[in-house]
Amino acid sequence: MDELVHIMSCRDKYQRVVIPIFYDIDPSNVRKQNGSFGDGFAKIKQRFRGNQEKVQNWTNALIQSTNLSGWDSKNIRPESKLIKKIVKDILSKLNGKSSFHFEGLVGIDHHIQKIEELLGKARIVGIWGMGGIGKSTLARVVFHELKAQFEAFSFVEDVREQLAIIGFDRLQKECLKELIKDKDINVFDIESSFVRSRLQRRKVLLILDDVDNSLPAEDLTKMYRWFGKGS
């Protein structure tokens, strides 16, 4: 339990990515401390009844862990398939931490710092200006610099062109599907309560590039209401 408290503390302090795996245990039992898990946890609390602060820290860490996007072994069988999905998930997140080189982009450090400052104050930030001044380049650099701090991320290119070809509804669903990164989910079920609940547990970074119409842009950015804290 102390290790779990430390893990959650590292997540809060240092933006570490935490992937909970609920193996042969219902996450709701962990969250509510009931069932067989609750019985075992009650015994531990009894042993440490003289240290209520420690017990409360354990309880808080358990609840926080169940609010994260993770894996529930009872939903994926056989076990070999679960392991492959977990490995793929971890590799994807490690790949997200890989460095992005932007040597030679003169003066870009100042712009990156400015955008990061803005992102500390607002959930949505726009980069606006005439064509050819490097907005897309700046957005891509910021994306690669920051994505390791998020549990799900997507850089959507050519929004203007995609809106003209596939339309708003399809583009919105494709954006959400990319954030969930689960090929087994039908794109037409993307707005289900199950999908939304998964998104609400994830800290998301979404960048929309080449937007020339404020109305569809505003509609697309309304998706942030489905994302987790810190998106």
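No value in this document is a laboratory result; all are computed from the given coordinates. In this text, all values refer to a predicted model and were calculated from it rather than measured experimentally. Every residue, glycine among them, receives a Cβ derived from its backbone with ideal geometry; neighbour counts consider all protein chains shown.
Quote the FRET efficiency, to the nearest 0.05, computed for Arg123 versus Phe168 with a Förster distance R0 of 30 Å and r equal to the Cβ-Cβ distance. Walk me through the intermediate numbers first.
Details: r = 21 Å, r/R0 = 0.69.
Efficiency, rounded to the nearest 0.05: 0.90.
Using DSSP loop states and a limit of at most 14 other Cβ atoms within 10 Å to flag trypsin sites (Lys or Arg not before Pro), what is the longest stretch of the chain containing no flagged site?
Details: sites that count: Arg16, Arg49, Lys97, Lys121, Arg123, Lys181, Lys183, Lys229.
Between exposed loop sites, the widest span is 124-180.
Hey, rough spin-label estimate for Asp210 and Ile63, points 7 angstrom out along Cα→Cβ, what's it come to in nanometres?
About 4.7 nm, to one decimal.
Considering all alpha-carbon pairs of segment 1-132, what whole percent are spaced by more than 26 angstrom? Spell out each step's value before the answer.
Values: 4053 of 8646 pairs.
For segment 1-132, the share of Cα pairs beyond 26 Å comes to 47 percent.
Let's see if you can work this out: charge +1 on each Lys and Arg Cβ, -1 on each Asp and Glu Cβ, no other charges. What is the dipole magnitude of the chain about its Cα centre, in debye to the nearest 20? Write out the running numbers ahead of the final one.
On the way: 38 positive and 31 negative charges, 225 e Å.
The dipole of the chain has a size of about 1080 debye.
Rounded to the nearest 0.05, what FRET efficiency do Cys10 and Asp72 have when you use their Cβ-Cβ distance and R0 = 25 Å? Numbers along the way, then the final one.
Values: r = 23 Å, r/R0 = 0.92.
It comes to 0.65.
Using the Cα centre of the chain as origin and beta-carbon charges of +1 (Lys, Arg) and -1 (Asp, Glu), tell me which of Asn60, Val156, Ile90 is placed farthest towards the positive end of the dipole.
It is Asn60, whose Cα lies furthest towards the positive end.
Structure shown: which of Lys135/Lys229; Lys74/Lys222; Lys114/Lys147; Lys13/Lys93 lie over 22 Å apart, alpha-carbon to alpha-carbon? Please list the in-between numbers first.
Numbers: Lys135/Lys229 27 Å; Lys74/Lys222 33 Å; Lys114/Lys147 17 Å; Lys13/Lys93 19 Å.
Too far apart for the 22 Å limit: Lys135/Lys229; Lys74/Lys222.
Report the GluC sites (Glu not before Pro) located in segment 125-231 that are in a DSSP loop and have at most 16 other Cβ atoms inside 10 Å of their Cβ, or state none. Show your work: numbers first, answer last.
On the way: sites: Glu145, Glu151, Glu157, Glu161, Glu174, Glu178, Glu191, Glu218; in loops: Glu151, Glu157, Glu191.
Listed in order of number, the matching sites are Glu157, Glu191.
How long is the gain from Met1 to Ile86 if the chain were fully straight, where each residue apart is worth 0.36 nm and the alpha carbon distance is subtracted? List each step's numbers first, then the result.
Working: separation 85, 0.36 × 85 = 30.60 nm, distance 2.26 nm.
Taking Met1 through Ile86 to full extension adds about 28.3 nm, to one decimal.
Give me the one-decimal nm value for the distance between modelled label points at Asn51 and Gln200, 7 Å along each residue's Cα-to-Cβ direction.
3.5 nm
With N set to the residue count of the chain, report its C-alpha Rg divided by 2.2 N^0.38 Å to two decimal places.
Numbers: Rg = 20.5 Å, N = 231, 2.2 N^0.38 = 17.4 Å.
Taking the Cα Rg and dividing by 2.2 N^0.38 Å, one obtains 1.18.
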